[in-house]
Amino acid sequence: MNKQTAYPLKIVHTEASGGWGGQEIRILDESKGMIERDHEVTVICSPKSRIFEEGLRRGVPTVTLPIGRKNLRGFLAMRRWLKMNPVDVINTHSSTDTWLAALACQTLRHPPSLVRTRHVSVPVANNFANRWLYKNAIRHVVTTGESLRRQLIEQNGIPAECITSIPTGIDPLRFHPGDKAEIRRTLGLNPTGHYIGIVATLRSWKGHLYLLEAFASLNQPEWTLLIVGDGPMRTAIEAKIIELGIENRVQLVGQQNNPEDWLRALDIFVLPSYANEGVPQALLQAMFTGLPIVTTPVGAILEAVSDNETALIVPHKNSLALAAALTRLISDSALGLRLGGAAREKAKMHFLRNWMLDKMESIMSLAMDFKS
């Protein structure tokens, strides 16, 4: 048992979203970490969601309930499950499951403590319903970045002591530099090639289309762009590649269960997001891998990297600035080594997985103490 709590907790994570990305990956990684620390953890999710399949594959107890929408059916299902399976803490992750869990808990004689994790920087509407939810139903709020925490304090009036920023922690034994030539051979890539890459769900606000425009403008025919991930923007990305005439220079490799290998294969990592970010998981993984990074000052990204110290920061939605930063790294390998090395050192100091688990244990114990 970790020193953060003196007894095993019964923890439930809920996720109404059917999507797949950093949010869902954090839920499963955090759940697995808590299980390793002898806590009892279950993930509740929507039927046919990717997190259900991945949870089972990773050995995390996962069940499905009809919680994809805010309706009576979802409320009754959540209430019935919580009544039949008493737990200590319920950690919610999206708006829909937060509301269903909060309302269900209001009807239980011995409800669990409710902890809400906010992963994105989308503002919370400052209305009566949300003020009740965040100030009365929820025991503690966790954000994945300090800027998200300040946003809730300043815009929604949530007491500062009720919100804690806990960025996603990364396992340094999994994400670290490696032999690029060897890993490329394993992945079927050219061992002596040059690769720029992005590892992210194919969502509009991840900025893939701006990256494609920037890459197409580079006079670097020996360089290849790797796009790792899948999602709703795939068709638009494929069309953009054809429009720009760069089919022979871009590889869409789809969703991969071994992102650490794909990161080790890269020379440069890019994340040109223009909205919604906390501290992105893929950015932290790239830092641990020691890669030179080009990214944008969106969400809580600047809490992880700083311009010309641990990354090159460019304005969002600006393919010209993105192309200039990529050209700078391509032409100056010493700069890339310096930025990648500094990023790795900062990541090891501030974004370790064990630190995240320690902090989450403390928050859940605090919620339990508050309830008692």
Q: Hey, can you tell me all the residues within the stretch 89-112 that are under 29 Å from residue 300 (Cβ atoms) and either part of a loop (DSSP other than H, G, I, E, B) or at pLDDT below 95 (or both)?
A: 93, 94, 112
Q: Of all residues in the stretch 231-245, count the ones that are crowded, with 17+ Cβ neighbours inside 10 Å and either in contact with a strand residue (DSSP E or B) (Cβ under 9 Å, 6 or more places away or on another chain) or at pLDDT below 95 (or both).
A: 3
Q. So which residues in the stretch 329-372 are closer than 22 Å to residue 302 by Cα, among the aliphatic types (A, V, I, L, M) and in a helix (DSSP H, G or I)?
A. 329, 335, 337, 339, 342, 343, 347, 349, 356
Q: For the stretch 106-141, name all the residues that are within 20 Å of residue 284 (Cβ to Cβ) and surrounded by fewer than 22 Cβ atoms within 10 Å (Cβ to Cβ).
A: 120, 121
Q: Tell me which of these residue 274 doesn't satisfy, since it passes every other one: (1) surrounded by fewer than 24 Cβ atoms within 10 Å (Cβ to Cβ); (2) farther than 15 Å from residue 211 by Cβ.
A: (2)
Q) Across the stretch 134-146, which residue is nearest to residue 100 (Cα to Cα) among those that are without any contact (Cβ under 8 Å) to a residue 40 or more places away in the chain and under 24 Å from the mean Cα position of the chain (by Cα)? A) 134
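Any idea which of 48, 32 is part of a loop (DSSP other than H, G, I, E, B) and within 24 Å of the chain's Cα centre (by Cα)?
Only one candidate passes the filter, namely 48.
Quick grid of which residues meet (1) at pLDDT 95 or above; (2) polar (S, T, N, Q); (3) touching a Phe, Trp or Tyr at 6+ places or on another chain (Cβ under 6 Å):
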{"position": "19", "(1), (2), (3)": "no, no, no"}
{"position": "23", "(1), (2), (3)": "no, yes, no"}
{"position": "28", "(1), (2), (3)": "yes, no, no"}
{"position": "31", "(1), (2), (3)": "yes, yes, no"}
{"position": "34", "(1), (2), (3)": "yes, no, no"}
{"position": "37", "(1), (2), (3)": "yes, no, no"}
{"position": "42", "(1), (2), (3)": "yes, yes, no"}
{"position": "45", "(1), (2), (3)": "yes, no, yes"}
{"position": "51", "(1), (2), (3)": "yes, no, no"}
Q. In the stretch 160-178, what count of residues is obtained for those that are more than 23 Å from residue 29 (Cα to Cα) and touching a residue at least 12 places away in the same chain (Cβ under 8 Å)?
A. 1
Q.
Taking the criterion of being of a type outside the set (Ser, Thr, Tyr), under 17 Å from the mean Cα position of the chain (by Cα), within 25 Å of residue 344 (Cα to Cα) and not in a helix (DSSP H, G or I), would at least one residue in the stretch 147-161 satisfy it?
A. no
Q: Identify the single condition in (1) of a type in the set (A, V, I, L, M, F, W, C); (2) within 27 Å of residue 358 (Cα to Cα); (3) surrounded by 20 or more Cβ atoms within 10 Å (Cβ to Cβ); (4) modelled with pLDDT of 95 or more that residue 148 does not satisfy, given that it satisfies every other one.
A: (4)
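The values are calculated or read from the model by the stated rules, or taken from the named source; none is laboratory data. If you're wondering where the values come from, they're calculated on a predicted model, not measured in any experiment. Note: ideal-geometry Cβ built from the backbone for every residue, glycine included; neighbour counts use all protein chains shown.
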